[in-house]
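Right, I'll just put the structure down here and ask away after.
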Amino acid sequence: MAEIRIGSCQILDEVSQNWFGRSYKAFDWNQNRHVLLTQCDPDWVDDEVLQRLQSEAKTFALLKHPNIVRVLGFIRRRESLYLLTEFVEGPTLQQILAERERMPLEMALCLFREIVAGAAAAHRLAVIHGDLGPWNIVVPDRGSVKIANFALGHIFGYARPIPPTREYLAPELIEGKTYDARADIHSLGVMLYYAIAGQGPFDVYDVRNRDRNTFIPVPPSLVIPEIPSWLDDLLS
């Protein structure tokens, strides 16, 4: 990749691409550290988004928690908007689950205690994620588990595309309705279910063309007998 500078950031490598744009590993010469620079899709950047960025700047500054990827700032360059966040080296939970059928119960519970702590801290500031899934959970080799992209839902609001992987999303998100912290709690429960059972709570049903609300989640102890019964109650 040819050397590209965005403000004080030198782009080093492309990391990922999602509905909101492309993300790059970069080096910020002002902060003397590696950062994640996300070029937001211009189709999702309008005057309302820019106004929300300005009004919510203080909220993002308060969103400091060991289990949340920190928002460092924003850069405007011509017609492009770049989101500057902490760079965390390590695999996502999605990558980890792709390499194993399921996680040991103790490992999954330890990991999710950290994830829930981060989500709770954001919810106390009225910041809702709205796209909680294993692709947004980073598990570094050292340090705390971190939730990525908490700022995106807060910035772009409700008018966002539904990702292809819908099984983690609450019904109100899939239907494009207004949502609150309960949508994140739903996603957390589905993620923990996948981590400990190796499948989703509705996988035994054919839900492709039917309303998922008509189905009862299968207790995980019916899938993995050694799972304690209190987890059935927690996840339901």
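Do the conditions hold for residue 47, that is, is it acidic (Asp, Glu), open to solvent by 20 Å² or more (accessible area, probe 1.4 Å) and under 16 Å from residue 88 (Cα atoms)? If you could, list the steps in order and put the result at the bottom.
On the way: acidic (Asp, Glu): yes; open to solvent by 20 Å² or more (accessible area, probe 1.4 Å): yes; under 16 Å from residue 88 (Cα atoms): no.
No.
Quick one: count up the residues across the range 34-44 that are open to solvent by less than 50 Å² (accessible area, probe 1.4 Å) and touching a helix residue (DSSP H, G or I) at 6+ places or on another chain (Cβ under 9 Å).
2
Looking at (1) at positive phi; (2) open to solvent by 40 Å² or more (accessible area, probe 1.4 Å); (3) within 21 Å of the chain's Cα centre (by Cα), can you tell me which one residue 73 breaks?
(2)
Which number in (1) assigned to a strand (DSSP E or B); (2) open to solvent by 30 Å² or more (accessible area, probe 1.4 Å); (3) modelled with pLDDT of 90 or more marks the one condition that residue 11 misses?
(2)
Within the set of pairs 6+ apart or on separate chains, which have a first residue in the range 29-47 that is without any contact (Cβ under 8 Å) to a residue 24 or more places away in the chain, a second that is part of a loop (DSSP other than H, G, I, E, B), and C-beta atoms under 9 Å apart?
Filtered contacts from the range 29-47: 29/8; 30/7; 30/8; 41/19; 41/20.
Pairs only if they're at least six apart or on different chains, beta carbon under 7 angstrom, first in the range 183-195 and more than 12 Å from residue 236 (Cα to Cα), second open to solvent by 10 Å² or more (accessible area, probe 1.4 Å) and of a type in the set (D, E, K, R); list them, first residue then second.
183/172; 195/102
Shifting gears a bit: Looking at 58, 64 in this structure, which one is without any contact (Cβ under 8 Å) to a residue 40 or more places away in the chain and assigned to a loop (DSSP other than H, G, I, E, B)?
Values: 58 fails: assigned to a loop (DSSP other than H, G, I, E, B).
After applying the criteria, what remains is 64.
Cβ-Cβ below 7 Å, separation at least six or inter-chain, first residue in the range 90-118 and open to solvent by 40 Å² or more (accessible area, probe 1.4 Å), second small (Gly, Ala, Ser) and outside any loop (DSSP other than H, G, I, E, B): which pairs?
Between residues of the range 90-118 that are open to solvent by 40 Å² or more (accessible area, probe 1.4 Å) and residues that are small (Gly, Ala, Ser) and outside any loop (DSSP other than H, G, I, E, B), the close pairs are 102/195; 102/197.
The values are calculated or read from the model by the stated rules, or taken from the named source; none is laboratory data. Quantities reported herein were computed from a predicted structural model and do not represent experimental measurements. Cβ: placed from backbone, ideal geometry, glycine included. Neighbour counts: every protein chain shown. Surface areas here come from the heavy atoms of the whole protein model, side chains and all, with no ligands, DNA or RNA. Shrake-Rupley method; radii C 1.70, N 1.55, O 1.52, S 1.80 Å.
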